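Every number here is computed from the coordinates shown, using simple stated rules; none is lab data. Because the structure is predicted, anything quoted here is derived from the model rather than measured. Cβ sites come from the backbone with ideal geometry, for glycine too, and all protein chains shown count toward neighbours.
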Amino acid sequence: MAPATLGSEARLSLAAFLLGASVVVLPLLTRSGLQARTVLALYVAALNALLLLLYRPPPRYQIAIRACFLGFVFGCGLLLSFSQSSWSHFGWSHLVHPPRAIVGFSPTI
């Protein structure tokens, strides 16, 4: 039996998911004196620009954006889960139940 290997779309999805989940490093940047909203806005803009440049054909970009968004929500849920706020239960629910796609919604690129 041949060893199982990931296809190109699976590798793309995994890389984009991990890139989105890297939102967990943002608190380290805000401790250095930068404002949290500014850092988050720049982070999201940089992620979108990077994915647009790396995965230019529309089908690959769409896969990358969806996987990155899921990773971003997972990372935000992880941050909320381990924070010292009343939102920690909300964070755990996002780790277990990621957001669902809107039926009938098809974003254009």
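Let me see the pair-distance distribution of region 9-72: every alpha carbon pair, 5 Å bin width, integer percents in order. Percent of pairs per bin, in order: 4, 19, 28, 22, 13, 9, 5, 1. So if we plug the beta-carbon distance of Leu52 and Thr30 into 1/(1 + (r/R0)^6) with R0 = 22 Å, what FRET efficiency do we get, rounded to 0.05? The formula returns an efficiency of 0.30 here. The label-point distance for Val44 and Thr5, in a model that sets each label 7 Å from Cα toward Cβ, rounds to 3.8 nm.
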